Amino acid sequence: MRKIVLSGKRIITGEGCLSVLSEFSYKRVMIVTGGKSMIESHVIDRATDYIQKEDTEILVYSGVPKNPSTEDVDRGLLKCQSFKPDCILTIGGGSALDCAKAILLFYEFPYLNFDNVLEYNLKGLIPAERKTALICVPSTSGTGSELTRGTVITDIQKELKVPIMTDCLRPDIAILDVDIVMTMPKNIVAETGMDALTHAIEAYINHNLDEFDEGLCSSAIVGIMEWLPKSVLDNDKEAREKIHNYQAMAGIGFANVGLGMVHGIAHAFGAAYNMAHGLTNAIILPYVLDYNRQDPTVDKKLKELSYRCHCSDIVKEIIKMRKMFDIPESFNAAGITEEMFLEKHDLILEHAMLGATRVNPVVMNKTEMDKMIGLVYWGK
Ligand SMILES: [Fe+2]
């Protein structure tokens, strides 16, 4: 039996669709957002205006950094527990969304915390028991967090990214407003777009793929390959909106299917050096795809994708696109010195074997992983 979830309750798309917030009547709304960009671009003001009714109280928790930590979640949780919202509205990049989701989980289920959440049977949590609404407005086009049942939080002490998955975290409403993603700087458009591409490809070559998610992921791959260059290089609104929607489709797909070793390794490097998630994926993706080609099913799927993308080889095309976006081809080229690498090598190796690596289409052992880590560090 498979339980395929195609989204939360609603996905709202279209230019200016943030205004849909005016249709809701929540009494106590906690807004969770990142550093400055959503405040400085007045998106938070607009959201507040839309959601404000005569008797609405609003609390803003801002300053969530990239790679939100357990401390960031705990700080927000304290505010949440004293404010007691009936709706958490999160506006920002994947980091803000992930932080909001973790706050919501611990607010709704107070017997959970970071010490026990990974051991706890989260499948036993019933989504209908969640009383607080979760509305997500992504300001970047990559993580798909506005539709997934997961959140990734960094444990700074352990230098480990902790993925938490439960249907209770699936947002109720995702608002995909192109006006909000038009403010993204070029490097963020590129890196988050590469994250979305990685989601779609890792799910598409995962042996757990089903026909429903095959449709979502393959369309997302073809669409991202076609439109991402225009979105990054030309700041083109049509392209930006298409990528925003394709990344959401990839999010739905990978939430059902799972990912693979690119994400396993990316989380290990990201936690070790506090690097942006999309950047780490973009560096790693071509190396892992080449490696996974030893599986004939993966090789066949990559050939089919190449045909659908009108290119001779999709992996070479991804390398070309990465270069076009000025994304480095290795962690060494990204500024991680040899000394920094050697210092963290064993920790990265240990952590890279965890998480999504366990569902990679080719089973990895530690020796093979060690070679792969050397490859993504030094490049070819
Ligand atoms: Fe990702």
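Laboratory data are not the source of any read-out in this text; all were calculated from the coordinates shown. Everything quoted here is computed from the prediction, not taken from an experiment. Note: ideal-geometry Cβ built from the backbone for every residue, glycine included; neighbour counts use all protein chains shown.
Things worth noting here:
- Test for Ala255: is it in contact with a Leu (Cβ under 8 Å, 6 or more places away or on another chain) and part of a helix (DSSP H, G or I): yes
- All positions within segment 245-258 that are surrounded by fewer than 24 Cβ atoms within 10 Å (Cβ to Cβ) and within 13 Å of the ligand (Cβ to nearest atom): Gly258
- Hey, Arg308 among the basic types (Lys, Arg) and within 23 Å of the chain's Cα centre (by Cα) or not: no
- Across segment 120-144, the qualifying residues are those that are part of a strand (DSSP E or B) and in contact with a helix residue (DSSP H, G or I) (Cβ under 9 Å, 6 or more places away or on another chain), and the one among them that is nearest to the ligand (Cβ to nearest atom) is Pro138.
- Qualifying position, being touching a residue at least 40 places away in the same chain (Cβ under 8 Å), more than 20 Å from Asp210 (Cα to Cα) and in contact with a strand residue (DSSP E or B) (Cβ under 7 Å, 6 or more places away or on another chain), among Asn332, Asn281, Asn245: Asn245
- A Cβ distance below 8 Å, combined with a sequence gap of six or more or placement on separate chains, defines the contacts here; from segment 91-116, residues that are under 20 Å from Glu129 (Cα atoms) reach residues that are outside any helix (DSSP H, G or I) and of a type in the set (Lys, Arg) in the pairs Leu104/Arg130; Glu108/Arg130; Glu108/Lys131.
- Residue match in segment 145-161 (condition: assigned to a helix (DSSP H, G or I), in contact with a Ser or Thr (Cβ under 9 Å, 6 or more places away or on another chain) and touching a residue at least 12 places away in the same chain (Cβ under 8 Å)): no
- Within segment 194-228, considering residues that are under 22 Å from Glu329 (Cα atoms), surrounded by 23 or more Cβ atoms within 10 Å (Cβ to Cβ) and among the charged types (D, E, K, R), the one nearest to the ligand (Cβ to nearest atom): Asp195
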